[in-house]
Every structure is written in C-alpha cells, then in structure tokens.
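Quick notes on the structure that follows.
The values are calculated or read from the model by the stated rules, or taken from the named source; none is laboratory data. For clarity, every value in this text was computed on a predicted model and none was experimentally measured. Using ideal geometry, Cβ is built from the backbone for each residue, glycine included, and neighbour counts are taken over all protein chains shown. Side chains included, ligands, DNA and RNA excluded: accessible areas come from the protein's heavy atoms. Shrake-Rupley method; radii C 1.70, N 1.55, O 1.52, S 1.80 Å.
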Amino acid sequence: MKVIYPGSFDPVTKGHIDIIKRAQKIFGEVIVAVLVNNSKNSLFTIEERVELLQDALKDIENIEVDTFSGLLINYTESKGCNRIIRGLRAISDYEVELQMALANRSLNGNVETVFLASSPEFNFLSSSIVKEIASFGGDVSDLVSSSVNEALKEKYKNIK
Ligand code: PNS
C-alpha cells in the first residue's frame, strides 16, 4: 500500500526519518510530500528541503520525495492514496493533529490519517528545535543527517 507522509521538513530530522522507515516497513511504499509553503518563513528553499530529504533517504527502498501545494487531501487523491501518516510526540501534538485529521476526513471520508508514536529518543525533536540549537552554534549532529548538519552550519555561518 502507498501512503503519504506530508510535512514542511524545514529541515528533515532523524525523528522524520524514523517515522518514514517505520511507515515503509508497515505499508510498503511512502510518498514524502513536502509542502510548498509560500507564507511560512522557511529557512531552506523547497529545492533544498527536497534535496536534503532525498539524501537522507537514499538507502531506503520504495520512498518517493515529492512536493505539493494547496490542500493535502487534493494531493492525496491525485496520487491515488487513501492513507496519510503523521508522527505523534507529546500531548501538544495530539490537539493539532486531531484537528488536522478530522478536517481532512470532513473533506474526504475515505482518507484515513494513521498516527505513529515517535520513538522515545526523538520525542522532543522538531525542525524548530534543531534550527534554534544550530542558530546558536550548538551541536545537532545526533539529531539530523550529516548533510543537514552541514547545510545548517552553512546557513548560520554568519550569525553568531
Ligand atoms: O511538518 P508540518 O509543518 O507539521 O506539516 C503540516 C502539513 C504540511 C501536514 C499541513 O500544514 C498541511 O497539510 N498543509 C496543507 C494545507 C491543508 O491541507 N490544510 C487542511 C488540513 S488542516
């Protein structure tokens, strides 16, 4: 079965990779869909985010990295998928994720959102936390792939 794992991935973290690997094991094929978010203040361009994802996922089978804009449910339908994967960390995620899942279900009742609990070691991890630490010169090498680590150093090299 083909499933969609959507997100901003600004940038991809080891928490995302963990969810993608586990979803691939369960469902067989994962489309990682990067939101083209013009309104959001992204650190990485859409091209950079896709490239960093492709690099981090290059050794995993049956993964496609794609982009989408507009409604996720329309994109999901256009790919012939009826499962959306989301990772759940703390309780605070739950409220936002439940709202999003129910909004998507109200738009198309055939599309189910499936939640995977984050692995404990990544329970605190988010792209925002990674950017915050990296922006102050902190070490994020355990939290992201080596390419993302290098890309973050490059982005923040003049800010200290
Ligand atoms: O990684 P993120 O930022 O938590 O991902 C959020 C994402 C991309 C899944 C969500 O913002 C999204 O689906 N945006 C597309 C617009 C949409 O479909 N909104 C209606 C559902 S709430």
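Some points to look at:
- Near residue 85, the amide H atoms lying under 5 Å from its own belong to 4, 5, 114; only residues 5 or more places off or on other chains count, and H is placed 1.01 Å from N.
- Here residue 119 and residue 153 are evaluated by their C-beta separation; at R0 = 30 Å the FRET efficiency comes out at 0.70.
- Alpha carbon centroid spacing (whole Å) that separates region 109-123 from region 1-62: 14
- Relative contact order for region 62-160, counting Cα pairs under 8 Å that sit 6 or more residues apart, in percent: 23
- Residues listed by number, region 63-79, amide nitrogen under 13 Å from residue 103 label point at 7 Å toward C-beta: 70-74
- Note on the chain: Cα convex hull, mean projected area over all directions, 9.2 nm².
- In order through region 122-135: 3J(HN,Hα) via Karplus (6.51 cos²θ - 1.76 cosθ + 1.60), integer Hz, x for Gly, Pro: 10, 5, 9, 7, 8, 4, 5, 4, 4, 5, 4, 5, 5, 5
- Apolar share of the accessible surface for region 2-122: 48 percent from carbon plus sulfur atoms, 1.4 Å probe.
- Taking all protein chains together and rolling a 1.4 Å probe, residue 146 ends up with roughly 90 Å² accessible.
- Largest to smallest principal axis extent of the C-alpha atoms in region 65-128, angstrom: 34, 25, 17
- Stretch gain in nm, segment residue 93-residue 47, where the contour uses 0.36 nm per residue and the Cα spacing is subtracted: 13.9 nm
- Think of a 1.4 Å ball rolled over the protein heavy atoms: the chain then has 55 Å² of accessible area per residue.
- Spin-label model, residue 26/residue 64: points 7 Å from Cα along the beta carbon direction are separated by 2.1 nm.
- Selection among 81, 33, 109 by position relative to the dipole of region 1-127 gives 109 as farthest towards the positive end (Cβ unit charges, Cα centre).
- Relative to the Cα centre, the charge distribution of region 2-122, modelled as +1 at Lys and Arg Cβ and -1 at Asp and Glu Cβ, gives a dipole magnitude of about 300 debye.
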